Amino acid sequence: QVQLVESGGGQVQPGRSLRLSCAASGTALDYYAMGWFRQAAGKERESIASISWSGISTWYADSVKGRFTISRDNAKNTVYLEMNSLKPEDTAVYYCASDRNVFKDYVVVPGTWGQGTQVTVSS
């Protein structure tokens, strides 16, 4: 069973940048689409970014498009989320997930979740 561990979260001021990492163990991520999700206090978990199993295509929610970038490094078995121009509304627990099935262009049915990392954007 693959295990995912997020890191890189913390407290930052509005307008700053932060990079989150999602490291996998147990199984290589080479053939799986990967995604980032977030859940703000009192709200539903939402999908914000996905990257295809091949790393060729990406998808972003409108709320983060142009500010966030998802990438992957198969050699390190790690997925990243570069977050720029952070806003207070970006405050949430951020989770990474792998799709349940291989060879997908984006995460459709999450199969494995990380434990989450807190991102707080405030002045």
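The values are calculated or read from the model by the stated rules, or taken from the named source; none is laboratory data. As the structure is a computational prediction, the values presented were derived from the model and not from experiment. Every residue, glycine among them, receives a Cβ derived from its backbone with ideal geometry; neighbour counts consider all protein chains shown. The accessibility values were calculated without ligands, DNA or RNA, using every heavy atom of the protein model including side chains. Shrake-Rupley method; radii C 1.70, N 1.55, O 1.52, S 1.80 Å.
Laid out as a table, the results:
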{"read-out": "Qualifying residue in region 24-32 (condition: surrounded by 14 or more Cβ atoms within 10 Å (Cβ to Cβ) and free of Cβ contacts under 8 Å to residues at least 24 places away in the same chain)", "value": "no"}
{"read-out": "Whichever residue in region 50-92 is closer than 14 Å to residue 18 by Cβ and free of Cβ contacts under 8 Å to residues at least 60 places away in the same chain and, among such residues, is surrounded by the most Cβ atoms within 10 Å (Cβ to Cβ)", "value": "70"}
{"read-out": "Considering residues of region 111-123 that are open to solvent by 40 Å² or more (accessible area, probe 1.4 Å) and of a type outside the set (Phe, Trp, Tyr) only, the residue farthest from residue 97 (Cα to Cα)", "value": "123"}
